[in-house]
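Working notes, beginning with the structure itself.
The values are calculated or read from the model by the stated rules, or taken from the named source; none is laboratory data. These figures come from a predicted structure and were not determined experimentally. Heads up, the Cβs are rebuilt from the backbone with ideal geometry, glycines too, and the neighbour counts pull from every protein chain shown. Each accessible area value is taken on the protein alone, full model and side chains, heavy atoms only, with ligands, DNA and RNA left out. Shrake-Rupley method; radii C 1.70, N 1.55, O 1.52, S 1.80 Å.
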Amino acid sequence: MSFDHILAPFAAALKAREGLDLPVHTPIDGSLLATLRMDTKAETTAAIGKAQEAFIAWRDVPAPKRGELVRRFGNALREHKETLAALVTLECGKIHEEGRGEVQEMIDICDFAVGLSRQLHGLTIASERQDHVMQENWLPLGPIGVISAFNFPVAVWSWNAALAWVCGDPVIWKPSEKTPITALACQAIFESVAREFGAPEGLSQVVLGGVEVGEALVDDHRLPLISATGSTRMGRAVGPRVAQRFGRCLLELGGNNAVIVAPSADLSVALPSLVFGSIGTAGQRCTSTRRVIVHRSLWDQVYERLATAVQTVACARTGSPLEPGTLIGPLIDRGSFEAMQATLAEVRPQAIKVSGGERVMHDVYPNAYYVRPAVVKIAGQPDVVCRETFAPIAFVMPYDDLDEAMTIHNAVPQGLSSAIMTTDLREAEFFKRRSDCGIANVNIGTSGAEIGGAFGGEKETGGGRESGSDAWKQYMRRQTSTTYFGHTAPQLAQGIRFD
Ligand code: UN1
């Protein structure tokens with residue numbers, strides 16, 4: 001299969017990064033798309049120096065003007081929506097419709113950031129002293145290091161970058177080694193907008209590479225904030241190293257998201273959400289639904305209906321994610337497939353029923369990994385269910401009362417997204433109070449958040465919040481300032497006399 005037409009709009013950017021050490025394959029058929037050049041540690045360090053210089057210039061540009069650059073970038077993304085979405089699909093394997101959604105998420109955060117550029121408000125605080133004024137100022141923080149994952153190869157970067165730019169900060173981006181091409185494409189689009197705008201060079205940079213490049217970012221004190229998305233294992237390595245140098249971290253790590261299906265649930269609302277949550281993006285979202293905790297009175301029925309719906313969709317609509325009718329594309333790679341199989345092998349002896357899980361289409365695509373999503377009926381929550389497997393597996397388990405459901409729900413180490421399906425207001429409110437996740441939805445699924453809210457989670461998910469609400473504050477430094485405008489010696493706080 002030739003994918004040249006998808007790569008063509010970004011051929012110049014790829015050519016400039018041609019090399020030998022970073023082969024990039026498409027998960028669609030496993031074929032080689034490009035071989036790129038990784039950055040060395042020294043090149044990464046030099047890029048940080050360049051970002052530092054850009055910061056000196058950019059921090060003094062008025063914030064609404066910085067917003068104007070982001071507005072133009074958002075418009076450029078609108079123009080490139082189809083080409084960029086196709087590239088996202090080609091490189092990470094999500095279906096074209098979801099590729100479009102991902103680019104739309106970038107456009108949305110740009111719009112949000114443009115508005116924000118006129119709203120980087122601080123407080124005026126009542127001073128206890130005569131003729132004193134106390135204020136809180138928000139100032140640009142410095143260059144931001146962004147480490148992103150393969151499954152949202154461009155949107156998660158944009159959540160960080162659009163906010164960082166309006167806040168006055170340059171961005172250095174290390175994309176996943178599995179999806180560097182989309183990063184280079186975004187960088188090329190940004191550069192043409194930035195050139196025309198007259199933005200300082202180095203406001204946005206991409207560094208390609210593996211652990212060495214990541215470590216060079218993580219350990220460099222010139223990057224006051226590292227925003228990292230990926231596995232809990234990665235976060236465990238990044239967090240302490242950044243803390244060691246008193247840097248800030250914004251971590252977006254594993255999820256193990258559950259939906260509680262209560263007896264009053266409207267199943268015509270619940271089932272479509274369960275299907276999308278568990279098999280959308282082939283189960284490779286950090287917000288994917290991995291656990292379904294069903295009231296015992298509905299357990300058999302929900303399991304059967306979910307498994308049937310999933311397998312019906314899977315049989316009819318699995319294939320190349322570039323084809324318009326496809327709803328389930330491939331897993332990212334062989335490692336992902338093997339992790340899925342290992343989890344299924346471990347859970348099988350404890351499961352009541354397992355539907356799906358097997359590899360399909362290997363005759364058509366011997367070097368790609370398409371699977372039937374697995375739906376597993378299980379009583380209780382063994383260790384294997386408490387770990388995140390980044391693949392389409394949904395565990396369906398029973399509960400007897402809502403207290404017990406919440407105990408099961410909160411008994412995993414991750415705390416990203418959660419949902420309840422209920423028409424009972426009391427249950428819905430109780431659920432929101434008790435869910436230990438950063439996201440708690442009622443009658444919608446665990447995945448597919450809008451950018452306007454803060455996105456992120458607790459516990460092993462890492463505690464970070466990205467995109468909407470007041471997540472911007474992490475990209476700025478807070479300054480408390482007290483001014484005295486009287487004529488006699490200023491009073492001391494706490495009534496202290498020092499005559
Ligand atoms: C991710 O999987 O890393 O809420 C991000 C969602 C998307 C973002 C997912 N808006 O599913």
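Points to keep in mind about this one:
- Residue match in segment 367-389 (condition: open to solvent by 80 Å² or more (accessible area, probe 1.4 Å), touching a residue at least 24 places away in the same chain (Cβ under 8 Å) and within 25 Å of the chain's Cα centre (by Cα)): yes
- Among the residues of segment 8-62, those identified as among the aromatic types (Phe, Trp, Tyr) and either modelled with pLDDT under 95 or out of contact with any Lys or Arg (no Cβ under 8 Å at 6 or more places or on another chain) (or both) are Phe10, Phe55.
- Top-ranked residue in segment 73-128 [being among the charged types (D, E, K, R) and not in a helix (DSSP H, G or I); ranked as most open to solvent (accessible area, probe 1.4 Å)]: Arg118
- The test for being over 19 Å from the mean Cα position of the chain (by Cα), crowded, with 24+ Cβ neighbours inside 10 Å and not aliphatic (A, V, I, L, M) does not hold for Asp220.
- Scan of segment 274-287 for residues that are polar (S, T, N, Q) and more than 9 Å from the ligand (Cβ to nearest atom), ordered by number: Ser278
- Only residues that are under 22 Å from Ala282 (Cα atoms) and either assigned to a helix (DSSP H, G or I) or of a type in the set (D, E, K, R) (or both) were counted across segment 142-188, and they come to 9.
- A Cβ distance below 6 Å, combined with a sequence gap of six or more or placement on separate chains, defines the contacts here; from segment 152-170, residues that are assigned by TED's automatic domain parsing to the domain that holds Phe73 and among the aliphatic types (A, V, I, L, M) reach residues that are outside any helix (DSSP H, G or I) and more than 11 Å from the ligand (Cβ to nearest atom) in the pairs Ala161/Val171; Ala164/Ile144; Ala164/Val171; Val166/Ser117.
- Of note, Ser355 satisfies the criterion of being touching a helix residue (DSSP H, G or I) at 6+ places or on another chain (Cβ under 6 Å), polar (S, T, N, Q) and on the phi < 0 side of the Ramachandran plot.
- Only one of Leu223, Leu271, Leu251, Leu267 that is within 16 Å of the ligand (Cβ to nearest atom) and out of contact with any Asp or Glu (no Cβ under 9 Å at 6 or more places or on another chain): Leu251
- Taking segment 193-214 as the range and being more than 16 Å from Trp165 (Cα to Cα) and of a type in the set (Val, Ile, Thr) as the test, the residues that pass are Val207, Val211, Val213.
- Identity of the residue in segment 157-193, open to solvent by 10 Å² or more (accessible area, probe 1.4 Å) and in contact with a strand residue (DSSP E or B) (Cβ under 9 Å, 6 or more places away or on another chain), that ends up farthest from the ligand (Cβ to nearest atom): Glu191
- Members of segment 28-43 that are in contact with an Asp or Glu (Cβ under 7 Å, 6 or more places away or on another chain) and part of a helix (DSSP H, G or I): Lys41
- Each residue in segment 294-319 was checked for being crowded, with 23+ Cβ neighbours inside 10 Å and either touching a Cys at 6+ places or on another chain (Cβ under 9 Å) or not in a helix (DSSP H, G or I) (or both), and 1 of them qualify.
- Residue satisfying all of: in segment 226-248; more than 12 Å from the ligand (Cβ to nearest atom) and part of a loop (DSSP other than H, G, I, E, B); least open to solvent (accessible area, probe 1.4 Å) among these: Gly247
- Flag if Gly255 is touching a Cys at 6+ places or on another chain (Cβ under 7 Å) and open to solvent by less than 10 Å² (accessible area, probe 1.4 Å): yes
- Test set (1) surrounded by fewer than 24 Cβ atoms within 10 Å (Cβ to Cβ); (2) within 15 Å of the ligand (Cβ to nearest atom); (3) among the aromatic types (Phe, Trp, Tyr) - Phe152 fails condition number: (1)
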